[in-house]
Amino acid sequence: MDLSWLIGRLGLEHLPSEPATIGAAIGMPLMALAVVAGLTYFKKWTWLWKEWITTVDAKKIGIMYGIVSVLMLIRGIGDAIMLRMHTAAAGITGGDGLFQTDTFQQVFTAHGIIMIFFVAMGLMFALINIALPLMIGARDVAFPWLNSFSFWLFAVAMILVNFSLVLGGFSNGGWLGYPPLTSLEYSPGPGVDYWLWTLQIAGIGTLLSGINFIVTIISHRAPGMTLMKMPVFAWSVLITMVLVLLAFPILTATLSMMTLDRLFEMHFFTSEAGGNPMMYVNLIWAWGHPEVYILVLPAFGIFSEIVSVMARKALFGYKTMVAALTAIMFFSFLVWQHHFFTMGAGANVNAFFGIMTMIIAIPTGVKIFNWLFTMYRGKIKFTTPMIWFLCFVATFTIGGVTGVMMAVPAIDYQVHNTLFLVAHFHNTIIGGVVFAFLAAITYWFPKIFGFRLHEGLGKIAAYFWQIGFLLAFMPLYALGLMGAVRRLDNYDNPEWTPFFVVSGIGVLAITLGAGMLVVQIAYSVYKRKTLRDKTGDPWDGRTLEWSTPSPAPFYNFAVIPKVTRRDEWWYQKLDGVKSLKRSDYKDIVLPKNSSLGFVIAVLVGLFGFGAIWHVWWLMIVSMVAIIYFAIRRGLDDDVEYTIPAVELYRLDKEARG
Amino acid sequence: MKHKEYTKIRDRYIYGFFVSVVLTGLAYWFVVSDVFGVGIATAVAILLLALLQAVVQAWYFLHLDEESKPRWKTQSFVFTFIMVLIIVVGSLWVVMNMNYNMNMGPSDMRQYMIEQNKKGF
């Protein structure tokens with residue numbers, strides 16, 4: 001019986017067939033089942049629905065982003081272990097390594113997508129949601145419901161990418177999936193479609209968040225906080241979100257064209273009928289290069305805050321910092337061709353983009369010096385975030401320098417597509433982005449959960465990450481110069497084996513570091529009574545988020561503070577903090593919880609699933625439902641509630657003990 | 001809102017709608033009637049109409065002229081325009097220059113891309 005009208009191209013032949021993937025395919029549903037069973041046993045479903053799934057509170061959404069990202073970090077590290085164990089084993093045994101080539105390709109594709117979209121972007125939005133509204137003295141983001149919708153799109157995309165393990169397998173076309181390999185002709189299976197729809201859904205969620213945070217920063221700052229009095233983190237988020245707003249539509253459009261190619265056999269990126277695969281590469285990097293700045297700019301913002309708090313000095317060169325961020329915003333759109341110098345363009349094009357790439361290193365260098373001068377003659381506290389910062393300065397600078405090396409087209413011709421490149425971008429993304437986000441988790445943890453993370457364990461984790469990073473990636477620089485191409489699953493040069501083995505050991509050290517982070521969190525939860533933050537200001541901070549009690553209440557500020565200068569909270573503490581009078585409290589209006597963000601996102605996920613498996617009726621039904629619920633949300637006027645001043649006064653007294 | 005003010009705003013939308021319909025119709029007519037013949041002239045004419053359309057919409061629907069300082073909308077509009085220009089012109093430049101070192105026909109190019117993909121980009 002032909003069931004293809006009902007189930008599209010779903011079929012049992014798409015179930016995994018290799019031991020590694022079968023393990024994952026069985027393990028993941030079991031884990032999901034365990035979670036469901038646990039929730040039912042402890043009768044937590046209502047709690048989960050009311051407190052988390054329907055929440056529009058930016059801090060809670062931030063926590064959920066964080067949880068998803070940490071889970072995905074573990075999966076991503078798992079992928080990394082598989083890759084490096086495979087190459088080490090292939091060298092030692094002289095055989096084919098641990099996995100089939102196709103599996104190896106799927107693993108590195110998934111590793112890239114997961115680490116960029118679901119770890120780095122996820123942690124970025126976690127931290128922005130948690131810290132930004134508090135930092136600029138806002139009660140919430142500008143569009144709280146949209147925020148919840150963005151998060152659920154992100155979560156649905158995450159489920160889709162992991163579901164591919166169970167059914168259908170993932171793309172094997174690399175994280176940016178260049179055609180023609182990813183075209184219908186060479187990859188007819190569902191793997192590339194999983195990749196497409198995962199990115200598409202997560203990308204739209206990111207775009208919506210971008211709009212949300214721009215409006216929040218432009219219109220929700222505390223009275224008196226002009227743009228030039230904002231904390232640098234807020235500046236970095238503003239610039240980042242402008243980049244999101246300009247870059248992500250390119251991704252959406254490019255992926256849409258590719259989807260049309262694959263779904264309806266069109267010819268945007270094929271070699272026939274006037275299509276051009278080069279145009280895909282060009283467009284995806286016109287998004288892809290701003291994307292790396294989208295990741296790293298918030299990291300710069302975070303370290304700007306941390307270094308000035310831990311050095312107990314105002315940030316050196318605030319204005320140059322802002323100027324540097326703005327310059328990067330502009331220049332990041334002028335360098336994309338450096339990702340494909342070797343693809344056949346002439347000297348003029350390569351020279352232009354090469355020089356632009358060298359120029360963009362200047363504002364980044366300015367920042368490094370600003371941080372160093374901030375530390376200069378400061379009374380530095382060597383806390384865990386500061387240790388991360390010191391690791392970052394050294395590591396990131398190396399990554400930046402190798403980046404400038406590759407900006408020279410002549411050098412790039414030598415190292416393009418080799419492990420040298422892989423080492424370079426891990427150098428900037430681990431040493432820059434990941435270190436910053438892990439530092440920020442330690443830094444803002446007490447503000448959200450009300451107790452600090454254990455310092456000693458955090459420092460051990462940082463050292464493991466740093467040493468593991470050096471062990472894992474310095475050999476890759478050498479291998480790259482020796483000619484080892486990236487995504488290499490097999491080699492017959494015995495001289496490379498020691499390097500791959502050291503790299504494998506490095507990955508294990510990083511894994512230990514990640515393990516230490518988990519231990520740190522678990523131990524801190526266990527010891528939460530002794531680690532409790534009673535003051536609300538555990539680091540002697542400078543910005544407004546530290547003026548609220550810890551954990552920050554759901555309304556953020558009982559009374560919105562007035563701002564007259566940079567580092568307002570620091571100077572308020574020097575002048576003596578004025579306590580609030582009874583008459584200062586006014587009624588406040590807060591957004592109501594809504595389940596529609598979750599519902600629409602799930603429908604979007606079903607739409608994507610239908611598109612992957614060619615289940616047309618599912619696509620139509622879910623699209624109709626999406627439009628219905630979107631209109632229903634649009635017509636709903638009852639979206640806010642008021643907390644009266646009396647109640648607010650009581651809540652605030654309670655929160656402050 | 002006062003009645004007069006309301007009429008003024010409403011009329012603006014109606015003018016805007018009218019002008020954009022005329023511009024769209026004009027573009028359609030250029031193609032159907034073959035006034036410029038088949039070729040580059042028609043394409044240029046349509047592109048010009050599209051640009052005009054964008055300006056009309058920014059003017060009548062986004063109210064860029066009425067904005068008070070600090071003119072966020074105008075600034076972001078101009079900035080976006082510059083960025084789109086960079087991406088469009090840049091993409092054309094890059095892709096048209098692509099064959100400089102390759103100089104191969106579509107079928108050779110296809111073979112080359114397949115081989116490159118096997119190596120992994």
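Just to verify a result, which residue in region A:317-355, among those that are assigned to a loop (DSSP other than H, G, I, E, B) and closer than 30 Å to A:Tyr376 by Cβ, is least open to solvent (accessible area, probe 1.4 Å)? Here the answer is A:Ser332. Kindly establish whether A:Val119 is surrounded by fewer than 24 Cβ atoms within 10 Å (Cβ to Cβ), away from every other protein chain (no Cβ under 14 Å) and of a type in the set (Val, Ile, Thr). No; evaluated as a whole, the condition is false for this residue. Do we have any residue at all in region A:478-501 that's in contact with a Ser or Thr (Cβ under 6 Å, 6 or more places away or on another chain), away from every other protein chain (no Cβ under 14 Å), assigned to a helix (DSSP H, G or I) and closer than 18 Å to A:Phe303 by Cβ? Within region A:478-501 (the criterion being in contact with a Ser or Thr (Cβ under 6 Å, 6 or more places away or on another chain), away from every other protein chain (no Cβ under 14 Å), assigned to a helix (DSSP H, G or I) and closer than 18 Å to A:Phe303 by Cβ), the answer is no, since none of the residues qualifies. Considering (1) touching a residue at least 12 places away in the same chain (Cβ under 8 Å); (2) assigned to a helix (DSSP H, G or I), the lone condition that A:Lys381 does not fulfil carries the number (2). For A:Met64, indicate whether it is in a helix (DSSP H, G or I) and either open to solvent by 30 Å² or more (accessible area, probe 1.4 Å) or among the hydroxyl-bearing types (Ser, Thr, Tyr) (or both). No, not satisfied. All told, A:Asn370 falls short of being open to solvent by less than 30 Å² (accessible area, probe 1.4 Å), within 14 Å of another protein chain (Cβ to nearest Cβ) and assigned to a helix (DSSP H, G or I). Residues of region A:443-457 that are farther than 15 Å from A:Arg528 by Cβ and open to solvent by less than 20 Å² (accessible area, probe 1.4 Å): A:Tyr443, A:Trp444. Of the conditions (1) surrounded by fewer than 24 Cβ atoms within 10 Å (Cβ to Cβ); (2) assigned to a helix (DSSP H, G or I); (3) touching a Ser or Thr at 6+ places or on another chain (Cβ under 6 Å), A:Ser209 fails just one. Which one is it? Against the list (1) surrounded by fewer than 24 Cβ atoms within 10 Å (Cβ to Cβ); (2) assigned to a helix (DSSP H, G or I); (3) touching a Ser or Thr at 6+ places or on another chain (Cβ under 6 Å), A:Ser209 comes up short only on (1).
Taking first residues from region A:394-410 that are modelled with pLDDT of 90 or more and partners that are open to solvent by 60 Å² or more (accessible area, probe 1.4 Å) and assigned to a helix (DSSP H, G or I), the Cβ contacts under 7 Å between residues at least 6 apart in sequence or on separate chains come to A:Val404/A:Met358; A:Met405/A:Ile411; A:Ala407/A:Met358. Taking every residue in region A:575-599 that is open to solvent by 90 Å² or more (accessible area, probe 1.4 Å) and pairing it with any residue that is in a helix (DSSP H, G or I), at least 6 positions away or on another chain, the pairs with Cβ-Cβ distances below 7 Å are A:Arg582/A:Tyr649; A:Lys586/A:Ala645; A:Asp587/A:Ala645. You will find that of A:Asp102, A:Asp79, A:Asp140, the residue that is acidic (Asp, Glu) and open to solvent by 20 Å² or more (accessible area, probe 1.4 Å) is A:Asp102 and no other. Looking across region B:86-107, just one residue is open to solvent by 90 Å² or more (accessible area, probe 1.4 Å), more than 7 Å from chain A (Cβ to nearest Cβ) and modelled with pLDDT of 75 or more, and that is B:Met96. Within region A:509-532, the set of residues being more than 13 Å from A:Trp465 (Cα to Cα), among the polar types (S, T, N, Q) and surrounded by 15 or more Cβ atoms within 10 Å (Cβ to Cβ) comprises A:Gln520, A:Ser524.
The residues of region A:138-172 that are in a helix (DSSP H, G or I), at pLDDT below 90 and aromatic (Phe, Trp, Tyr) amount to a single one, A:Phe163. Being open to solvent by 10 Å² or more (accessible area, probe 1.4 Å), touching an Asp or Glu at 6+ places or on another chain (Cβ under 7 Å) and more than 9 Å from every other protein chain (Cβ to nearest Cβ) is a property that A:Ala314 has.
Of all residues in region A:179-207, count the ones that are within 13 Å of chain B (Cβ to nearest Cβ) and touching a residue at least 12 places away in the same chain (Cβ under 8 Å). Result for region A:179-207: 7. Which count do you get for residues in region A:244-284 that are of a type in the set (Gly, Ala, Ser), within 13 Å of chain B (Cβ to nearest Cβ) and within 30 Å of A:Asn212 (Cα to Cα)? So the answer is 2.
Residue count for region A:1-16 satisfying the condition of being closer than 23 Å to A:Gln106 by Cα and of a type in the set (Phe, Trp, Tyr): 0. The single condition among (1) farther than 28 Å from A:Thr342 by Cβ; (2) within 14 Å of chain B (Cβ to nearest Cβ); (3) of a type in the set (Phe, Trp, Tyr) that A:Phe303 does not meet is (2). The residue pairs whose first member lies in region A:28-48 and is closer than 24 Å to A:Val166 by Cβ, whose second member is open to solvent by 60 Å² or more (accessible area, probe 1.4 Å) and part of a helix (DSSP H, G or I), and whose beta carbons are closer than 9 Å, counting only pairs six or more residues apart or on different chains, are A:Met28/A:Phe163; A:Leu39/A:Trp45; A:Leu39/A:Trp47. Can you run down the residue pairs with Cβ atoms below 6 Å, 6 or more apart or on separate chains, where the first is in region B:16-38 and touching a residue at least 12 places away in the same chain (Cβ under 8 Å) and the partner is among the β-branched types (Val, Ile, Thr) and open to solvent by less than 50 Å² (accessible area, probe 1.4 Å)? If the second residue must be among the β-branched types (Val, Ile, Thr) and open to solvent by less than 50 Å² (accessible area, probe 1.4 Å), the pairs left are B:Val19/B:Val56; B:Ser20/B:Val56; B:Phe30/B:Thr42. With the condition kept exactly as written, say whether any residue in region B:55-72 is within 11 Å of chain A (Cβ to nearest Cβ) and open to solvent by 50 Å² or more (accessible area, probe 1.4 Å). Yes, there is a match, as at least one residue in region B:55-72 is within 11 Å of chain A (Cβ to nearest Cβ) and open to solvent by 50 Å² or more (accessible area, probe 1.4 Å). Residues in region A:177-205 that are open to solvent by less than 10 Å² (accessible area, probe 1.4 Å) and under 28 Å from A:Asp57 (Cα atoms): A:Thr198, A:Leu199, A:Ile201, A:Ala202, A:Gly203, A:Gly205.
The values are calculated or read from the model by the stated rules, or taken from the named source; none is laboratory data. The structure presented is a predicted model; accordingly, all values stated were derived computationally and were not measured. No Cβ is skipped: glycine too gets one built from the backbone with ideal geometry, and neighbour counts run over all protein chains shown. Just the protein is used for accessible areas: all its heavy atoms, side chains included, with ligands, DNA and RNA removed. Shrake-Rupley method; radii C 1.70, N 1.55, O 1.52, S 1.80 Å.
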